[in-house]
Amino acid sequence: MALEGMDWQAARSRGEKLCDEGDWSGAIEALGEAIAGDDSGRSHALLGLAHFQREEYGLAAERYGSALERDAGNEDYRAMQRVAEANATAEVHEFVPPVSHYERDALLAPPRPGRLPEGPAVKKRIDPVRKIGRKIGNVLGTVLGHLFTWITQLHGRLTGYSDRVWTNWYRRNLARGMLTLAYMREQLNANNLLSTYPEGKLTGFQAAGQTPPSGAKHYRTADGSWNNFDDPMEGAAKTRFPRNVRNEAIHAEDGETLLTPNPRTISRELLARGEEMKEVPFLNMLAAIWIQFQNHDWITHGDNIEKGMIQIPLDDDDPARERYKQTHMYVGRTQPDPTRDPSDVTPTTWVNEVTHWWDGSQIYGSDQETQDRLRSFVDGKLKLHDDGTLPLTDKRVEDTGMVRNWWVGLSVMHLLFVKEHNAICDMLKAKYPKWDDNKLFNVARLINAAVMAKIHSVEWTPAILPNYRLDQALNANWYGILTNALRKRNERRTKATINVRNPEMGGVVGNPIDKHGSPYGLTQEFVEVYRLHSLLPEELHIRKLGNGEPVKKVPFPASRQAGSRKLTERHSIADLLFSLGTQHPGALELNNYPSFMRELSVPGNPVFDMGAIDILRARERGVPRYNEFRRQLGLKPIQKFEDLNDDPQVVAKIKEVYGSDPGAVERLDLLVGTLSEGHRPFGFGFGETMFQIFILNATRRLQADRFYTDDYNEETYTPEGLDWIDKADLKRVLLRHYPELAQTGLVNIDNAFEPWDMDRQLDPARHPLREWRRDLRPDPFVGDAFR
């Protein structure tokens, strides 16, 4: 029987009071009574909120739909209905992967390298021509190396690399600009590689003198151990993040300083995107996906802990107060490092859940159990369903080496490189039919990881930073200055016949390892500069190949977690790749942070502002704020906010949040400062402060890893493997596995991270790299291209 008059109004009042108190179960009971007599929609919306807060998103969407039937003009109800529907589709109430926390004994245990093949991939060839070439390369490397180092040091000391505030390398000619970049990198290597383990201790507090397992000389281990035989856990999973800043600059903030200025206020005022996303005209969405795909190979702090949650207060005028009936947002703290030792002198330390190496761990996992689960154990291949899709976990998410923060873009990229692994296995099996499954798998993994490293080094980074000098420098990082100068782009080989043993002249890859006196690991500061969430749009634009059907717009939250497979069941992978290749990402600037991420639902927490979290994490983990960060990296600090940006409106907004007193510039957060930088090198998608960490690690990720240096050779990779890597680029990988993309603009461009335009004359503003690469010859993608 329907309630009448005061009965339903009393029930609604009781339900609203229970919502204010956070008693969502009680509110559901009271509001269930109220909706029988409430024609206004208010009770339905409150009931929807109660279900939303209990993560019952399907029921929440139904209730907001009922509220809209009674109050069709209420945009707040409509917005909440869309979010609830997307969350229900994505099943974001599920923890993916299951929650786990670090245990001290497990972190201090000896390495667990797994099962590796015996001996090298192939026997070392004695080639008189190569032997002579190697000797010539050694002599040239020594002479040219000393000469280049002397010139670099002299040029750097005489000219420096900064003007009043900003660096000047990009305003110099090519030769001087590259010398300046080299000098900057030398200074960072000398001053900013700092271990977080006590002096005299090995990584992970391992015992000295352990015996390397059979096979570790020639193959990567599952957990990243034994890359260094003298320090077996260097770079391995579950070891500490090193630092790029000195101990005196590391202050893990807590209490009042942790929340000053209020991270949510910063998110609302300085990060919040307007009605239209500011796009990057020279990139497509594959570039945004790629960096998350690579980050999952390199870095993650694992699951947060709920004990002692950080409570971020909501301002009185914050719309989230009314929308969610909350006065605070609640954030779990970063997992502490359980291996801290009384001898530790580093103020705070954190643990990396995955291997630090560039080893494809996002595909293969960072432990033997995961790797075994993903392998087919037939011909070295990874598991795929008969229809060419990835297997699913019990959470209805694709099963692969890393599934945190999962969405359909990652699904597509993981599938692509699982297929690439399996194609490499086919190539190796055809050449070496007597190899067993284990050898095929492990050699294919080496090759596949190197393909990804090469794509990132010579394609992704120049694409997001399309500056001629930097493009030359990054290609020199892989091939060497001499190969760059003497070979056309599509004729370059990483290991030349005369391989000049010098990282500048002959390239880092295939030349001697160099750790610059510090054990390798990706740093906490590296984590912070890769907060690139502004690249993401509010919705994905799904297009079909060739038939001109209207674009289907999918809210980004609906593509998350279980929503990923639902999209790949409705749309072909080729259509999704085409769609991503023709949609632009967002610009890395102020007020361009995705709206959906500022009120995101995550398992166990229906309201989560990732913009505020990005600010909070740097403070919590002791990463210096913007000005001190610059000082620590050898850059000049800003003296006033006007130094950051010439736009008076931008400066005024920053002052509103941080103040205009003399100390205000020292309070500026790292993320806000980097997004604010209006003085950027030509073509850069981000500013110079972040770039310091990029140039340091772009080389170090390769130079400190023996599989890209001392052991980058035919014995480890096979001659065919080295040839596969030399021929690889993202365009070739895409066309190898999805040849139907040959009917798209992909075949019209050189770099697959650029927009897939079909214009006869490509717009230089959308394809800036093409103007500088006139030596590139068309690649028809026939014959060997697909093998």
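Structure note, pairs K123/K431; K515/K727; K201/K636; K123/K434; K429/K495; K278/K553: Cα-Cα distances above 25 angstrom occur for K515/K727; K201/K636. Rolling a 1.4 Å probe over the protein heavy atoms leaves Y57 with an accessible area of roughly 10 Å².
With Cα atoms as the point set, region 258-304 shows a radius of gyration and Dmax of 15.3, 37 Å. One compactness figure for region 516-639 is 1.39, namely its Cα radius of gyration divided by 2.2 N^0.38 Å. Applying the Kirkwood pairwise sum to the alpha-carbon positions of region 158-313 produces a hydrodynamic radius of 21.2 angstrom. Of the three principal axes defined by the Cα atoms of region 269-382, the extents in descending order read 61, 51, 29 Å.
What FRET efficiency do you get for T260 and K217 if R0 is 45 Å and r is their Cβ-Cβ distance, rounded to the nearest 0.05?
On the way: r = 52 Å, r/R0 = 1.16.
Calculated transfer efficiency: 0.30.
What is the ratio of the Cα radius of gyration of region 340-427 to 2.2 N^0.38 Å, where N is its residue count, to two decimals?
On the way: Rg = 16.2 Å, N = 88, 2.2 N^0.38 = 12.1 Å.
That works out to 1.34 for region 340-427.
The 1.4 Å probe gives accessible areas that order D223, D646, largest first, as D646, D223.
Residue-normalised convex hull volume from the C-alpha trace of region 234-317: 204 Å³ per residue. In this structure the amide hydrogen of L194, modeled in the peptide plane, comes within under 5 Å of the amide hydrogens of R243, none closer than 5 places in sequence on its chain.
What the pair-distance distribution of region 529-575 shows, using all Cα-Cα distances binned every 5 Å from zero, is 5, 18, 24, 23, 15, 9, 4, 1, 0 percent. Across all directions, the average projected area of the convex hull around the alpha carbons of region 154-230 is 9.0 nm².
Based on Cα coordinates alone, diagonalise the gyration tensor for region 38-93, multiply each eigenvalue by 5, take square roots, and list the semi-axes in whole Å, largest first. Intermediate values should be presented prior to the final figure.
Numbers: eigenvalues 70, 24, 10 Å².
Semi-axes (√(5λ), whole Å): 19, 11, 7.
Cα axis of helix 648-658 to longest principal axis of the chain: angle in degrees, 0 to 90, nearest 10? The answer is roughly 70 degrees. For region 630-636, 3J(HN,Hα) computed residue by residue from phi via the Karplus equation (6.51, -1.76, 1.60; θ = phi - 60°) reads 5, 4, 5, 9, x, 9, 7 Hz, glycine and proline entered as x.
Could you tell me which of rounded, prolate or oblate describes region 63-164, using a ≥ b ≥ c as the square roots of the eigenvalues of the alpha-carbon gyration tensor, with rounded for a/c under 1.5 and, failing that, prolate when a/b is larger than b/c and oblate otherwise?
Details: a/c = 3.23, a/b = 1.90, b/c = 1.70.
Prolate.
For region 506-559, the spread of Cα positions along the three principal axes, ordered from largest to smallest, is 57, 29, 14 Å. Once Rg and the Kirkwood radius are both taken over the C-alpha atoms of the chain, their ratio Rg/Rh works out to 0.97.
Compute the accessible area per residue over the chain, keeping the other protein chains in place, probe 1.4 Å, unit Å².
Values: 30660 Å² over 787 residues.
On a per-residue basis, 39 Å².
In square nanometres, what is the average projected area of the Cα convex hull of region 237-276?
Working: hull surface 22.9 nm².
Spelled out: convex hull of the Cα atoms, projected over all directions, averaged, 5.7 nm².
Suppose only helical runs count, i.e. DSSP H with n ≥ 4. What mean residue ellipticity at 222 nm does that imply for the chain under -39500 (n - 2.57) per run, divided by all residues and rounded to the nearest 500 deg cm²/dmol?
On the way: 33 runs with 336 residues, N = 787.
When only DSSP H runs of four or more count, the value is -12500 deg cm²/dmol.
Summing +1 for each Lys or Arg and -1 for each Asp or Glu among the other residues whose beta-carbon sits under 14 angstrom from that of L179 gives +4. Whole-Hz Karplus values for region 373-384 come out as 5, 8, 7, 7, 6, 10, 6, x, 8, 8, 5, 9 Hz, taken residue by residue from phi with 6.51 cos²θ - 1.76 cosθ + 1.60 and θ = phi - 60°; glycine and proline positions read x. Overall shape: prolate for region 429-566, with the ratio a/c of the largest to smallest alpha carbon gyration tensor axis at 1.5 or above and a/b above b/c.
3J(HN,Hα) along region 229-242, derived from phi through the Karplus expression 6.51 cos²θ - 1.76 cosθ + 1.60 where θ = phi - 60°, amounts to 5, 8, 9, x, 9, 4, x, 7, 5, 6, 10, 6, 6, x Hz, with x in place of Gly and Pro. Within the shell of other residues whose beta carbon sits under 12 angstrom from the beta carbon of R631, the net charge comes to +1, with Lys and Arg scored +1 and Asp and Glu -1. For the chain, the carbon plus sulfur part of the accessible surface works out to 52%, probe radius 1.4 Å.
Between M329 and I312, L314, the built amide H atoms are under 5 Å apart, and every one of these is 5 or more places off in sequence or on another chain. Principal axis analysis of the Cα atoms in region 619-673 yields extents of 30, 23, 19 Å, listed in decreasing size. Rg/Rh for region 361-491 stands at 1.05; both radii use Cα atoms, and Rh follows the Kirkwood definition. Distance between the modelled labels on A10 and Q153, one decimal in nanometres: 8.8 nm (7 Å Cα→Cβ projection).
Extending 7 Å from the Cα toward the beta-carbon at both H679 and E322 defines two label points whose distance is 4.3 nm.
Translational D (Stokes-Einstein, µm²/s) of region 1-126 at 10 °C and 1.306 mPa s when Rh comes from the Kirkwood sum over C-alpha pairs?
Values: Rh = 17.9 Å.
Once the numbers are plugged in, D ends up at 89 µm²/s.
Between N138 and A430, the FRET efficiency from the beta-carbon distance, with R0 = 56 Å, is close to 0.95. For a label point 7 angstrom out from the Cα of M758 toward its Cβ, which stretches of region 543-568 have the backbone nitrogen within less than 13 Å? Residues 544-549 qualify, since their backbone N sits under 13 Å from the label point.
Could you give the length gained on full extension between D399 and R570, defined as 0.36 nm per residue of separation minus the Cα-Cα distance, in nm?
Values: separation 171, 0.36 × 171 = 61.56 nm, distance 1.90 nm.
Full extension from D399 to R570 adds 59.7 nm.
Both radii come from the Cα set of region 391-457: Rg as radius of gyration, Rh as Kirkwood radius; their ratio Rg/Rh reads 1.04.
Evaluate 2.2 N^0.38 Å with N set to the residue count of region 697-759, then give the Cα radius of gyration divided by it. Don't jump to the answer; show the numbers that get you there.
Values: Rg = 15.7 Å, N = 63, 2.2 N^0.38 = 10.6 Å.
In units of the 2.2 N^0.38 Å rule of thumb, it is 1.48.
Determine the shape class of region 281-337: with a ≥ b ≥ c the square roots of the Cα gyration tensor eigenvalues, call it rounded for a/c under 1.5, and otherwise prolate if a/b is greater than b/c, oblate otherwise. Because a/c hits 1.5 or more and a/b fails to exceed b/c, region 281-337 counts as oblate.
The values are calculated or read from the model by the stated rules, or taken from the named source; none is laboratory data. Because the structure is predicted, anything quoted here is derived from the model rather than measured. Glycine also receives a Cβ, built like all others from the backbone with ideal geometry; neighbour counts cover every protein chain displayed. Quick note on the areas: whole protein, heavy atoms, side chains included, nothing else; ligands and nucleic acids left out. Shrake-Rupley method; radii C 1.70, N 1.55, O 1.52, S 1.80 Å.
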